[in-house]
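A short write-up of the structure that comes next.
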Amino acid sequence: KPITELDETAAAAEAAALRPQLNQWRQDYYDNDAPKVEDDVYDRQYARLVALERAFPALITPDSPTQLVGGAVKAGFTKVPHTIPMLSLGDVFSQAELQEFADRLEQNVDQHVDYNCELKIDGLALSLRYERGVLVQGSTRGNGSVGEDITANIMTIDSIPHELTRPLTIDVRGECYMPKAAFAALNERQEAAGKPIFANPRNAAAGSLRQLDSRVTAERQLSTFMYNVADYEPLTARTQSDLLTEFDELGFTINPDFQVAHSMADVFAYVDHYQNERPDLAYGIDGIVIKANPLPLQRQLGATVKVPRWAIAFKFPPDEQPTLLKDVEWTV
Ligand code: NAD
């Protein structure tokens, strides 16, 4: 039923049914690395809850999935507090919504804004802490405020430098992912060994990074693209695009396919281009992310409890071939 035809009681009943369903799916996905439904099924129900809460803001509860980032810390892992939270991203599904996001942002700051366009890598977020240029800790996003200590595991990933080219003390954030070829090879090995196969590279990456035995992580050929920093002060970059270049100089692996867009026409061209390129990339992407390019502007815009106000994800339609097959077992 259209939201406009609902009264508050009907909307409250629908929201009360959606919240536990979505939270259960979130637990399967984030806590157990074992999703029970395809992302677009989750996304549709989530969008419905967002719309209900927008129409009736009194329905927002602290345990609503619209107010929560990620999931719980898995048993056995030491907790790592994130002094600057690791957030999610708002998402849009059409170019019209993307345009609306930019219009609203530019109205808020009363200026034209350039956007850095980046690929939305289908993996899981991680944070790396360097002290005086030396890698000392790695953690997952967890619930945004507290993540899991995965230091021993990240030490086994080739794309992560153990020492930077400058002695910076800095928390760098990015995506850990499993390349498509590594995913196919892993599933072949699993099958040959009579072990359960993984449903998709994201699930395989999450299950491989959140391991209590770092020898397992070491075998899984994970890789990373770094794209964010908790606090940009120690860097010289003052734009998102320069930040990526500086990361590259510091020794991080960045995704080279980023592009500064001076207009929304540039953004839409980027979206179209990578929607076509998607099947040929060596890793999975589930959309693109646009970010206000000036870092001081990002800071000025800030964030809600869940998402930054200076960035948005444009989600691609789901892959043609659903991976969540009935005969796939969800064990890691
Ligand atoms: P998200 O994955 O949609 O977006 C936020 C994340 O994008 C960031 O945390 C970061 O890890 C990642 N990212 C990748 N490339 C990036 C880049 N270049 N710049 C910045 N960030 C980048 O948000 P989320 O809150 O982690 O999860 C929501 C997603 O998880 C939805 O797509 C939803 O479908 C899926 N989900 C699925 C289920 C299920 O049961 N299938 C359950 C819960 C969530």
- Taking interchain pairs and intrachain pairs at least six residues apart, which have beta carbon atoms under 8 angstrom, with the first residue in the range 276-299 and closer than 19 Å to Ala261 by Cβ and near the ligand (Cβ under 10 Å from one of its atoms) and the second of a type in the set (S, T, N, Q) and in a helix (DSSP H, G or I)? Lys291/Gln240; Lys291/Gln298
- Message: Is it the case, given these coordinates, that Ala17 is at pLDDT 95 or above and of a type in the set (A, V, I, L, M, F, W, C)?
- Response: yes
- Please specify each residue of the range 157-186 satisfying the condition of being touching a helix residue (DSSP H, G or I) at 6+ places or on another chain (Cβ under 8 Å), crowded, with 17+ Cβ neighbours inside 10 Å and not aliphatic (A, V, I, L, M). Pro161, Cys176, Tyr177, Pro179, Phe183
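Taking Asp43, is it assigned to a loop (DSSP other than H, G, I, E, B), within 13 Å of the ligand (Cβ to nearest atom) and not assigned by TED's automatic domain parsing to the domain that holds Ala199?
no
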- Query: In this structure, does Ala96 turn out to be part of a helix (DSSP H, G or I), small (Gly, Ala, Ser) and at pLDDT 95 or above?
  - Reply: yes
- Message: Looking only at residues that are modelled with pLDDT under 95 and surrounded by 13 or more Cβ atoms within 10 Å (Cβ to Cβ) in the range 71-83, which one is nearest to the ligand (Cβ to nearest atom)?
- Response: Gly71
- Only one of (1) within 19 Å of the chain's Cα centre (by Cα); (2) in contact (Cβ under 8 Å) with a residue 60 or more places away in the chain does not apply to Pro65, and that is (2)
- Item | Among (1) part of a loop (DSSP other than H, G, I, E, B); (2) within 16 Å of the ligand (Cβ to nearest atom) - the single one Leu18 does not satisfy | (1)
- Determine which member of the set Val216, Val267, Val271 is over 18 Å from Ile121 (Cα atoms) and assigned to a helix (DSSP H, G or I). Val216
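The values are calculated or read from the model by the stated rules, or taken from the named source; none is laboratory data. Just so we're clear, the structure is a prediction, and the values are computed from it rather than from any experiment. Neighbour counts run over all protein chains shown; Cβ positions are idealised from the backbone, glycine included.
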